[in-house]
Structures are given as C-alpha cells and as structure tokens.
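Notes follow once the structure below has been shown.
The values are calculated or read from the model by the stated rules, or taken from the named source; none is laboratory data. What you see is a predicted model; the values in this text were computed from it and never measured. Positions of Cβ are generated from backbone atoms using ideal geometry, with glycine treated the same way; all protein chains shown enter the neighbour counts.
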Amino acid sequence: AQSVAQPEDQVNVAEGNPLTVKCTYSVSGNPYLFWYVQYPNRGLQFLLKYITGDNLVKGSYGFEAEFNKSQTSFHLKKPSALVSDSALYFCAVIPPRRGGGNKLTFGTGTQLKVEL
Amino acid sequence: DSGVTQTPKHLITATGQRVTLRCSPRSGDLSVYWYQQSLDQGLQFLIQYYNGEERAKGNILERFSAQQFPDLHSELNLSSLELGDSALYFCASSVVGGVTETQYFGPGTRLLVL
C-alpha cells in the first residue's frame, strides 16, 4: 500500500530553536511528496513539495524539507521556530503512475507546539 | 487565502437527511478534489473531477456523490446521513490535475450529524 507515516503525534520545541517534523514514506518508484499545515479552524495550507531535482526543498514561512531516498524520508525543518508556527502539520504523498488521478495520501499529522 | 471557496462553513443536520456542500475552485483551475477529515479516519481522499468528468475515486461511500458543473464549481452530495459522517469536508483545486501540481485547499465545511 502507498502510504506515509508521521511517527510523532506531537513535537514540542522552544521558540528560537530548530524544529524537525518527521515523515517517512513507502511507495514504489520516486514519489511526489508534500507538506501542508493546518491552523485551528482553517483549511490546509501548502508549504512545499518535492517532485525531482535538488533534495533540499525550500518552502513558505522559512520551512524546508529534505528528501532522502535511502531512508525514504521527507522531514520538515525550520532553523528557528516561532510561536506562530504552532499548528498541525501533514505530510502527503502522490505515487508516480500514469492515469488514475492524483489523490494525496496523508499522514496522521503531527501537532507542533512552540513555547516561549 | 487559497482562492478556493466552500459553502456553507458549518452544517448541522439530523441522521437520515441529505445535504449538499459546494465548492468553487481557484480561478483558472479545472480540477477539483474532495477530502474528508475525521478523528477516526484522518484525512481521506474522496473523489476528483477534471473539467466536468470524474477522474479518480477514493474511499467515497455509495451514499455520497459529487459532480462538477460547466462553470467548474463542484458539489458533494451526502445522503442518508449517519452520525459517523460528521467530519470536516475539504475541497481542493489544481490547474489540470497533474500529479506534480499543488492542490490548494478551501477552508472546509464542518458537518455535524445529530
């Protein structure tokens, strides 16, 4: 089955410290990987995606993610966390294939809490 | 603001009833997706349309149906509602539905079935 896993339900970090939200995937071939963020009572906001090329992807609000094929991971990172980064983060994958649409398969989400 | 609009924002109804959720995609986007977010199932893909035609189907119940109209807006119809259908329903859109495209999500419709 094509899937992504977010092993941590919650990540706590102090403001100003670096943050990492983990994501691993299990798909055949080279996947297309995405990160979205959900603030309370809001929709999902796109942060970044990996399609091909440079393994380090830079996205919105200072976030970046590194695609690691050998470890089948796509961890989300930010050098210096802000309290306003506190939200629910989702990793998602679209497996590479022809036809059949392009549904996003989401992980279970990781709640990020940034404290002063 | 993603440019995707959904109405209504909230919906409260009773078991056995039927509701219609509406979505307007971003200007220029031809493909629309519906997702369901619930505590039990997480975020799940329901169905995708491209320019009025069904493109892909996910874990959508037979009691649920959708369509995309010539003006590209989409409606998700939920019938014979059950308590377990209570969830946040998201619509997303992308340009032509290609696998590398970003899907932009609307704010969602929160459905509560009593």
State yes or no: is B:Y50 within 11 Å of the chain's Cα centre (by Cα) and within 14 Å of chain A (Cβ to nearest Cβ)?
no
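Rundown of residues vs (1) among the aromatic types (F, W, Y); (2) farther than 30 Å from A:I51 by Cβ; (3) modelled with pLDDT under 95, yes/no style:
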| residue | (1), (2), (3) |
| --- | --- |
| B:F69 | yes, yes, no |
| B:L72 | no, no, no |
| B:E82 | no, yes, no |
| B:A92 | no, no, no |
| B:V96 | no, no, yes |
| B:G106 | no, no, no |
| B:V113 | no, yes, no |
All but one of (1) more than 14 Å from chain A (Cβ to nearest Cβ); (2) under 21 Å from A:F46 (Cα atoms); (3) of a type in the set (S, T, N, Q) hold for B:T5; which doesn't?
(1)
Here is a check on your reading of the model: is B:T20 closer than 18 Å to B:R110 by Cβ and touching a helix residue (DSSP H, G or I) at 6+ places or on another chain (Cβ under 9 Å)?
no
The residue from A:K22, A:K58, A:K69, A:K49 that alone is basic (K, R) and under 19 Å from A:V11 (Cβ atoms) is A:K22
Tally the residues that are closer than 16 Å to A:Q45 by Cα, away from chain B (no Cβ under 11 Å) and part of a strand (DSSP E or B), restricting the search to the range A:78-90.
2
Can you tell which of B:R18, B:R22, B:R26 is touching an Asp or Glu at 6+ places or on another chain (Cβ under 8 Å), away from chain A (no Cβ under 11 Å) and basic (K, R)?
B:R22
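Collect the residues in the range B:95-114 that are assigned to a strand (DSSP E or B), more than 8 Å from chain A (Cβ to nearest Cβ) and more than 10 Å from the chain's Cα centre (by Cα), keeping them in residue-number order.
Within the range B:95-114, B:R110, B:L111, B:L112, B:V113 meet the criteria.
Quick grid of which residues meet (1) buried (at least 19 other Cβ atoms within 10 Å of the Cβ); (2) within 14 Å of chain B (Cβ to nearest Cβ):
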| position | (1), (2) |
| --- | --- |
| A:Y32 | yes, yes |
| A:N41 | no, yes |
| A:V57 | yes, yes |
| A:E64 | no, no |
| A:K103 | yes, yes |
| A:V114 | yes, no |
So for the range B:75-93 (the condition being within 14 Å of another protein chain (Cβ to nearest Cβ), closer than 19 Å to A:F106 by Cα, over 14 Å from the mean Cα position of the chain (by Cα) and not aromatic (F, W, Y)), does at least one residue qualify?
no
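For every residue, the table says whether it meets (1) crowded, with 19+ Cβ neighbours inside 10 Å; (2) assigned to a strand (DSSP E or B); (3) among the β-branched types (V, I, T); (4) touching a helix residue (DSSP H, G or I) at 6+ places or on another chain (Cβ under 9 Å).
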| position | (1), (2), (3), (4) |
| --- | --- |
| B:W34 | yes, yes, no, no |
| B:F45 | yes, yes, no, no |
| B:R55 | yes, yes, no, no |
| B:E62 | no, no, no, no |
| B:S65 | no, yes, no, no |
